[in-house]
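Chemist: I'd like to ask some things about the structure below.
Every number in this text was worked out from the coordinates using simple rules, so none of it is lab data. Because the structure is predicted, anything quoted here is derived from the model rather than measured. Using ideal geometry, Cβ is built from the backbone for each residue, glycine included, and neighbour counts are taken over all protein chains shown.
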Amino acid sequence: MSAREPSYGCGRIRPRCSGAPVRISVCHCLECRKRARSAFGAQARFLKANVETWGEPSAFARRGGDGSIATFRFCANCGSTVWRKADSDEERIAVAIGAFANPAFPQPRFSVSDGRKRARVAFDERLPIEHER
């Protein structure tokens, strides 16, 4: 499988993801919606060993609903959040799906925090649901 190179705002920070994503999901929690500036956040998780990065990202961290700390890397120039890593999941890095320009990018397989989903957001009913912990 060829490498995927998502693109963001100004291009100063660039990840390159090799191999297939190990998990693709959407999340309806308020923090993901704020970060994505959308009705939900959508991310693909890749093994950390399969992600190379270029540029010097800035970072901020926040505590998730499960108590774990997630560190978000972003471009200080354009403000794009480029990836995140949770201390509860040291082996994987989550990259926003919207940054992959390929319309054939695999579809999400999980929907998280559905209890917080906006009323008009609907996904394929066959999408497995992972309930909030």
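Chemist: Residue by residue, what Karplus-based ³J(HN,Hα) values in Hz, rounded to whole numbers, does the stretch 84-99 have, using 6.51, -1.76 and 1.60 with θ = phi - 60° and x for Gly and Pro?
Modeler: Residue by residue, the stretch 84-99 yields 9, 9, 9, 5, 7, 9, 4, 8, 10, 10, 9, 10, 4, 4, x, 7 Hz.
Chemist: Now, a different point. Hey, what do the phi angles of the stretch 3-10 turn into as Karplus ³J(HN,Hα) couplings, whole Hz, using 6.51/-1.76/1.60 and θ = phi - 60°, x for Gly and Pro?
Modeler: 6, 9, 10, x, 10, 9, x, 8
Chemist: Pull up the cross-link candidates among the lysines for K117, meaning alpha carbon to alpha carbon under 21 Å and not fewer than 8 places away within one chain.
Modeler: Of all the lysines, those that pass the test against K117 - Cα under 21 Å, at least 8 places apart if same chain - are K34.
Chemist: Which shape class applies to the stretch 83-127: rounded if a/c is under 1.5, otherwise prolate when a/b exceeds b/c and oblate if not, where a ≥ b ≥ c are the square roots of the Cα gyration tensor eigenvalues? Let's see the in-between values first.
Modeler: Working: a/c = 2.12, a/b = 1.28, b/c = 1.67.
Oblate, because a/c is 1.5 or more while a/b does not exceed b/c.
Chemist: Under 12 Å Cα to Cα from K48, which aspartates and glutamates show up? Leave out anything in the same chain fewer than 8 places away.
Modeler: Excluding near neighbours in sequence, the set is D89, E90, E91.
Chemist: Anyone know which of P57, P21, P106 comes out most mobile in the 10 Å Cα GNM of the chain?
Modeler: Looking only at P57, P21, P106, the largest GNM fluctuation is found for P106.
Chemist: Then there's this: Computed from the mean reciprocal separation of all distinct C-alpha pairs, what Kirkwood hydrodynamic radius does the chain have, in Å? Display every interim value, and only then the final one.
Modeler: Numbers: mean 1/r = 0.0656 Å⁻¹.
With all distinct Cα pairs of the chain included, I get 15.2 Å.
Chemist: Right, something else. Using a Gaussian network for the chain with springs between C-alpha atoms less than 10 Å apart, which of these wobbles most: I69, I93, I24?
Modeler: Of I69, I93, I24, the most mobile in the Gaussian network model is I69.
Chemist: Shifting gears a bit: Kindly state, to the nearest 0.05, the FRET efficiency for E125 paired with A39, given R0 = 25 Å and r defined as their beta-carbon distance.
Modeler: Working: r = 18 Å, r/R0 = 0.72.
That pair, E125 with A39, gives E of 0.90.
Chemist: Here is a follow-up. Could you grab the relative contact order for the stretch 1-58? Cα pairs under 8 Å, six or more apart, rounded to a whole percent. Don't skip to the end; give the middle numbers.
Modeler: Values: 85 pairs, mean separation 22.1, N = 58.
Result for the stretch 1-58 is 38 percent.
Chemist: Give me the number: length gained by fully extending R116 to C10, i.e. 0.36 nm times residue separation minus the C-alpha to C-alpha distance, one decimal in nm.
Modeler: Details: separation 106, 0.36 × 106 = 38.16 nm, distance 3.19 nm.
Once the chain is fully extended between R116 and C10, it gains 35.0 nm.
Chemist: Right, here's the next one. Given contacts defined as C-alpha pairs under 8 Å and at least six residues apart, what's the relative contact order of the chain, whole-number percent?
Modeler: Details: 267 pairs, mean separation 36.2, N = 133.
Reported relative contact order: 27 percent.
Chemist: Looking at the chain as a GNM with Cα springs under 10 Å, which of R73, R120, R33 has the largest mean-square fluctuation?
Modeler: Looking only at R73, R120, R33, the largest GNM fluctuation is found for R120.
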